[in-house]
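For reference, the structure discussed in these notes is given below.
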Amino acid sequence: MSVGFSENLVKRRLLRLLRNEQVILSILAVLIGVAAAYGSIAFRELIALLQWGGFGALGGRLTALIANLPWWQVVLVPALGGLVVGLIVRFFQHGARPHGVADVMEAGALRSGNIPLKEGAVAALGAMISIGSGASVGREGPAVHIGASLASWVGRRLRLSRSLSLTLLGCGVAAAVSASFNAPIAGAFFALEVVIGHYALSAFAPVVIASVAGTIIARVHLGDFSAFVISDAELTSFLELPAFA
């Protein structure tokens, strides 16, 4: 009797816990954070693969090695990449234009966080080819679009309300920024300020969870390195403070 009563009590408490909206949202935040991080990692690795195939260089070495390449390769690879990207934008992207962070913001403000998964995949493909073939564009915007698209897809599959869908969108964005820059705090605040637009606890906690999850996955696979290295600076006089302000 005592064992059966305890088991029933545990089951009831688990069911009550699983019906809690915040608990479900936190679990989804972890899953979306992990998925967005792996999307960002795959995006970076595919860019590196394209750079290696087109220029024989990987990552930061591209700038140093390109000076020693034959002129036809320096001209041909970006030209072919631009041609392919132009065709993708013309025939496969909505509005025949590149998509990025501004579209994620628009989706959050006007479309209840709805971003078609195909739109995110096509945008990522175009950006990947563009960067991999030598274009001077950043990878973080497309990574944000990938994370947002994955989060939006989950929200639609689960038929979540507008408020919950928008929170999940912020989770995807936070995780993508965190994984790309190794900056969980920046990722969380970027999502809260730019995408969600408020700091309510109902959104704050899941976004932070997703941001931390994305950072952990990125650090496991890419290491704990700063995205930008800033030279050391020191304060020589307190008279500098007004200038800083």
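Of 133, 180, 209, whose Cα points farthest to the positive end of the dipole of the chain (charges on the beta-carbon: +1 Lys, Arg; -1 Asp, Glu; origin at the Cα centre)?
209
Suppose every Lys and Arg Cβ carries +1 and every Asp and Glu Cβ carries -1, with no other charges. What dipole size does the range 121-225 come out with about its Cα centre, to the nearest 20 debye?
Charge dipole, the range 121-225, about its Cα centre: 380 debye, nearest 20.
Taking only DSSP H segments of four or more residues, each worth -39500 (n - 2.57), what value at 222 nm results for the chain once the sum is divided by all its residues, to the nearest 500 deg cm²/dmol?
Calculated at 222 nm, the ellipticity per residue is -24000 deg cm²/dmol.
In the chain, carbon and sulfur make up what percent of the accessible area (probe 1.4 Å)?
67 percent
When the distances between all Cα atoms of the chain are binned every 10 Å from zero, what whole-number percent does each bin get?
Taking all Cα pairs of the chain, the binned fractions are 8, 27, 27, 20, 12, 4, 2, 1, 0 percent.
Please list 99-107, 179-187 highest first by mean number of surrounding beta-carbon atoms within 10 Å per residue.
Packing proxy ranking, top to bottom: 179-187, 99-107.
Per the Kirkwood treatment, what hydrodynamic radius in Å, one decimal, follows for the range 25-82 from the mean inverse distance over all distinct Cα pairs?
13.4 Å
Roughly how many Å is it from the Cα centre of the range 89-160 to that of the range 191-232, as a whole number?
19 Å
According to the Kirkwood expression over distinct Cα-Cα pairs, how big is the hydrodynamic radius of the range 60-154, in Å?
14.3 Å is the Kirkwood radius here.
Quick one, could you list the DSSP H helices from the chain stretching 20 Å or more along their long axis (Cα atoms) with average Kyte-Doolittle hydropathy of 0.5 or above?
Long hydrophobic helices here: 21-55, 71-92, 117-132, 162-181, 201-222.
Per residue, how much accessible area does the chain show when a 1.4 Å probe rolls over the protein heavy atoms, in square angstrom?
With the other protein chains kept in place, the chain gives 58 Å² per residue.
About the Cα centre of the range 61-151, how large is the charge dipole given +1 on each Lys and Arg Cβ and -1 on each Asp and Glu Cβ? Please answer in debye to the nearest 20.
140 debye
About the Cα centre, and with charges only on the beta carbon of Lys, Arg (+1) and Asp, Glu (-1), how big is the dipole of the chain? Nearest 20 debye, please.
1180 debye
Of 51, 74, 37, whose Cα points farthest to the positive end of the dipole of the range 20-158 (charges on the beta-carbon: +1 Lys, Arg; -1 Asp, Glu; origin at the Cα centre)?
The Cα lying farthest towards the positive end belongs to 74.
Restricting things to alpha carbons, tell me how big the range 103-197 is in terms of Rg and Dmax, in Å.
Over the range 103-197's Cα set, Rg and Dmax evaluate to 12.9, 41 Å.
The values are calculated or read from the model by the stated rules, or taken from the named source; none is laboratory data. As the structure is a computational prediction, the values presented were derived from the model and not from experiment. Ideal geometry is used to build each Cβ from the backbone, glycine not excepted, and the neighbour counts take in all protein chains shown. Surface accessibility is based on the protein's heavy atoms, side chains included, excluding ligands, DNA and RNA. Shrake-Rupley method; radii C 1.70, N 1.55, O 1.52, S 1.80 Å.
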